[in-house]
1. Against the condition within 22 Å of LEU27 (Cβ to Cβ), crowded, with 16+ Cβ neighbours inside 10 Å and of a type in the set (A, V, I, L, M, F, W, C), how does LEU190 come out, does it pass?
2. What single numbered condition from (1) outside any loop (DSSP other than H, G, I, E, B); (2) closer than 28 Å to ARG60 by Cβ fails to hold for ALA150?
3. Which condition from (1) within 22 Å of PRO103 (Cα to Cα); (2) surrounded by 12 or more Cβ atoms within 10 Å (Cβ to Cβ); (3) over 16 Å from the mean Cα position of the chain (by Cα) is the one that PRO165 breaks?
4. Restricting to segment 130-147, name every residue that is surrounded by 14 or more Cβ atoms within 10 Å (Cβ to Cβ) and either assigned to a strand (DSSP E or B) or of a type in the set (Lys, Arg) (or both).
5. Any residue at all in segment 129-148 that is over 22 Å from ARG104 (Cβ atoms) and modelled with pLDDT under 90?
6. May I ask you to list the residues in segment 90-106 that are surrounded by fewer than 21 Cβ atoms within 10 Å (Cβ to Cβ) and more than 13 Å from PHE138 (Cβ to Cβ)?
Amino acid sequence: MNNVASMPPSDHAAGHPSAWIVRWAPLIPAGGSVLDVACGAGRHAFFLHGRGHRVTALDRDPAAIAAVAAVAEALEADIEGGPWPLAGRGFDAVVVTHYLWRPRLPDIVAAVAPGGVLLYETFAQGNESVGRPSRPDFLLAPGELLAAAAGLRIVAYEDGFLTGPERFVQRIAAVRPAPAPTGTPPRYPLGPSAAPQ
């Protein structure tokens, strides 16, 4: 994908899943379907497949798609230059990291099925002061992820500065409400119980 941001060496380069995705992955229903947008080398596709999820991985790079084909429904598509290839499909989770193409934000949010979760993390304004990406096209404005997730229930949101490597990010964990079968409100763990077991 064109707008996949270049990162300094980190867990990303080593193929480790994002700590944000690891922290909030327990919100994904057991065995649920997951869409990994701009999957790259598949660090999240492999992680989520290992947790027992059915993964659909989307990227325009044929090498990326080949890398994840063993663990995911692998879709090669240019979502910046072509149509959204998943119209009408809903997923129990939609995962996006280090990718921003604003015209697709409504499609990405719409792909979250009732009871599903959006896990999104990418660079924010301020990052131009510490490195790449530095172009405004690749950097979220303050509150932009919150606005994009309007209609979802925000479980967690952060907009700030991280070290190791230094970067400015916005990240969100948000669920599309679904009626609770027992009439009790859903519970979205926030503390250590949200960590993978």
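1. no
2. The failed condition is (1).
3. (1)
4. Correct list: ARG132, LEU140.
5. There is no residue in segment 129-148 that is over 22 Å from ARG104 (Cβ atoms) and modelled with pLDDT under 90.
6. GLY90, PRO103, ARG104, LEU105, PRO106
Table: residues versus (1) free of Cβ contacts under 8 Å to residues at least 24 places away in the same chain; (2) over 20 Å from ALA113 (Cβ atoms); (3) of a type outside the set (Val, Ile, Thr).
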{"position": "PRO17", "(1), (2), (3)": "no, yes, yes"}
{"position": "PRO26", "(1), (2), (3)": "no, no, yes"}
{"position": "ALA30", "(1), (2), (3)": "yes, no, yes"}
{"position": "LEU35", "(1), (2), (3)": "no, no, yes"}
{"position": "LEU48", "(1), (2), (3)": "no, no, yes"}
{"position": "ARG60", "(1), (2), (3)": "no, yes, yes"}
{"position": "ALA69", "(1), (2), (3)": "yes, yes, yes"}
{"position": "GLY82", "(1), (2), (3)": "yes, yes, yes"}
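Okay, residues lined up against (1) surrounded by 20 or more Cβ atoms within 10 Å (Cβ to Cβ); (2) touching a Phe, Trp or Tyr at 6+ places or on another chain (Cβ under 7 Å); (3) part of a strand (DSSP E or B):
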| position | (1), (2), (3) |
| --- | --- |
| VAL34 | yes, yes, yes |
| ALA41 | no, no, no |
| PHE46 | yes, no, no |
| ALA63 | no, no, no |
| ALA70 | no, no, no |
| LEU75 | no, no, yes |
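The values are calculated or read from the model by the stated rules, or taken from the named source; none is laboratory data. Keep in mind it's a predicted model, so treat the numbers as computed, not measured. We place every Cβ from the backbone using ideal geometry, glycine too, and count neighbours over all the protein chains shown.
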